[in-house]
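Please treat every number below as a calculation from the coordinates, not as lab data. Predicted, not measured: the structure shown is a model, and the values here were computed from it. Every residue, glycine among them, receives a Cβ derived from its backbone with ideal geometry; neighbour counts consider all protein chains shown.
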């Protein structure tokens, strides 16, 4: 199998997604890339790039999330015992960036979590998992928020 792309968001489902991705990687002897998509920088009306204090806070969060991503990748790499394990952090709309990364990396499978929001939430806000399912050109494994 080609590479597995495990998309995480540091929510309660992150450990479940990484566990599922690790099991699949071991079963198929496939490398993994752990992907975290950072929200786009907020737009402020009346400010060109945004107030300096906001840009600094966003930059600090970006670095902290990158460090956490690399820690998770390192722990996963130890568990996989020799299988290649990469980490990638990108910024932008989550679903689009997940699908784009899968295509760019040549992933054969995407693993991501579902937060289990209700129908009204999905109607008003939508779902990253649903959007990835619609747009992806490879199989997608959606890990539920709580184990069944």
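In this simple spin-label model, placing a label point 7 Å from the Cα along the Cα-to-Cβ direction at both residue 127 and residue 91 gives a separation of 3.0 nm. Treating r as the C-beta distance of residue 70 and residue 15 and R0 as 22 Å, the FRET efficiency rounds to 0.85.
Given contacts defined as C-alpha pairs under 8 Å and at least six residues apart, what's the relative contact order of region 4-143, whole-number percent?
33
Averaged over residues, the count of other Cβ atoms within 10 Å places the peptides 129-136, 63-70 in the sequence 129-136, 63-70, highest first. Take residue 55, project a point 7 Å from its Cα along the Cβ direction, then tell me which residues of region 61-95 have their backbone nitrogen under 17 Å from it. The answer is 61-63.
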